[in-house]
1. For the stretch 194-217, does any single residue satisfy the condition of being more than 30 Å from Thr29 (Cα to Cα), modelled with pLDDT of 85 or more and in a strand (DSSP E or B)?
2. If you take the residues of the stretch 10-43 that are touching a residue at least 60 places away in the same chain (Cβ under 8 Å) and buried (at least 17 other Cβ atoms within 10 Å of the Cβ), which of them is nearest to Ile53 (Cα to Cα)?
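The values are calculated or read from the model by the stated rules, or taken from the named source; none is laboratory data. Everything numeric in this text was worked out from a predicted model, so none of it was measured. Note that we place each Cβ from the backbone using ideal geometry, even for glycine, and neighbour counts take in every protein chain shown.
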Amino acid sequence: MKERETLGEFLKREREMKKISLRELSKNTRVREQLLKAIEEDRHELLPSPIYIRGFLSAYAKYIGLDPHDVLLRYEHSLKGEKIIPPELKSEGKVLRKAIWNRKQIWAVSGVIAISLLISYFLHPYLSGPPVEPPPNKQETREALPIIPAAPTPEVSPAVEGKPFSLEIKAIEETWVQIQVNGRSQAEALFKPGEGSSYQATNRIELLIGNAGGLDMVFNGRMMERFGKSGEVITLVFTPQGVERKKP
């Protein structure tokens, strides 16, 4: 039975598998090395409030190639005392035996194919019948058909983008947010109470919110209800048709 691992053990294992040092990670995420070490050792007493930890975890995950949303969900589970089941690792001995078995099998199949080709080569003159001459080509006379000019191709109008829409957000609690507009630009921000921002798009706006109960949102001039509780991590997608909460 596989032992469960903590969030810190999971992150440390993934980082070491990619041969990334804590110093390199600290330099590129701008998170102090002592804090990264405390995260990997699950020493929560040395860490700041969960609002900041969510920002650290998102930067950590993105740099080592993990999904930030998945890591934040794992963090929420860890706050409840739940641990992660690590993937099963195959032993090197099994892989080596399998590789040797495959090599023997390849040699055997190659030998059978070579023998079959030799037999086919020597027996072909005796098994094949006399060559068959192809029938003479018959010259066909075809009646010339009148050429009809092609109808003019109608002009195709360019695709029309969706109707522009707007979104305003304002923090009532300290909240970390990741914003993606029209699938292109992406930014992160840590809003303090009273701070906020506004965005416009024609296609979609996607928000990854680290504190669902910490934001007020106005969509196309209409105040939205809150989609979660304080400390809850959620993802919302806004389009011209409305808003949808993404399932984890």
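1. no
2. Taking the stretch 10-43 and keeping what is touching a residue at least 60 places away in the same chain (Cβ under 8 Å), we get 10-11, 13.
This time we only want the ones that are buried (at least 17 other Cβ atoms within 10 Å of the Cβ), so: 10-11.
Working: Phe10: 16, Leu11: 14 Å.
Per the criteria, the residue is Leu11.
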